[in-house]
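Data first, discussion second: the structure below is written as C-alpha cells.
None of the figures in this text is laboratory data; all of them are computed from the coordinates on show. Worth saying up front: this structure is predicted, and the values here are computed from it rather than measured. Backbone-built Cβ (ideal geometry, glycine too); neighbour counts: all protein chains shown.
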Amino acid sequence: MDDCIFCKIIRGEIPSGRVLEDDDFIAIHDINPKAPVHLLVMPREHLASLNDIGCWTGERAQKLLEFTVAVARAAGIGESGYRVISNVGRDAGQEVDHLHLHVLGGERLGGLL
Ligand code: AMP
Ligand code: ZN
C-alpha cells in the first residue's frame, strides 16, 4: 500500500528500530512506547487488521504467533512476562490500518485485563 506508514517502514522508506525479521514478518520498536519494552510485530503483507486474517492459512497465522513469541524472547521478556494486543477498529483506537501486534513488557503491566 503506497500511503501506509508500516508498508513504508517495511520497504525501508521510513527508518525504524528493527528487532527481528524474517521473510514474512518484522518487529520494530514502537515510536511512542507505553512500557519499558514496547514492540510492534507486523506481517510484510498489508492487511488492514485482524478482521482480514481469513485470507491466511492456519499455518501462516501460527507463524505470526510463533514469531511474536520469538520477538518477546529476543527482547528479554519471554520469562518475565508480556502482553500481546492488537487494536481492531475505531473503538479499540486503531491508528495504523496495517495489522500489527503490540508486545508490551519490562514491568508489571496495569490496565484493563
Ligand atoms: P494502533 O493504535 O494499535 O494502531 O498502534 C499504532 C502504533 O504505531 C502506536 O503505538 C504508535 O506509537 C506506533 N507508530 C506510529 N508510527 C510509528 C513509526 N513511524 N515507528 C514506530 N511506531 C510507530
Ligand atoms: Zn501497510
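One table, with the values for the structure above:
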| item | result |
| --- | --- |
| Asn87 long-range amide H proximity, modeled H, under 5 Å | His102 |
| Alpha-carbon Rg with Dmax, taken over the chain, Å | 13.5, 38 |
| The chain: Cys lacking any partner C-beta under 4.7 angstrom | Cys55 |
| In the range 1-99, trypsin sites (Lys or Arg not before Pro) in a DSSP loop with at most 13 other beta-carbon atoms within 10 Å | Lys34 |
| Longest site-free stretch - the chain; sites: GluC sites (Glu not before Pro), DSSP loop, at most 16 other Cβ within 10 Å | 46-78 |
| Dimensions (Å) - the range 25-67, Cα atoms, principal axes, largest first | 33, 20, 15 |
| Residue-by-residue Karplus 3J(HN,Hα) for the range 69-86, coefficients 6.51, -1.76, 1.60, Hz, glycine and proline x | 4, 5, 5, 4, 5, 5, 7, x, 10, x, 9, 5, x, 7, 10, 10, 10, 10 |
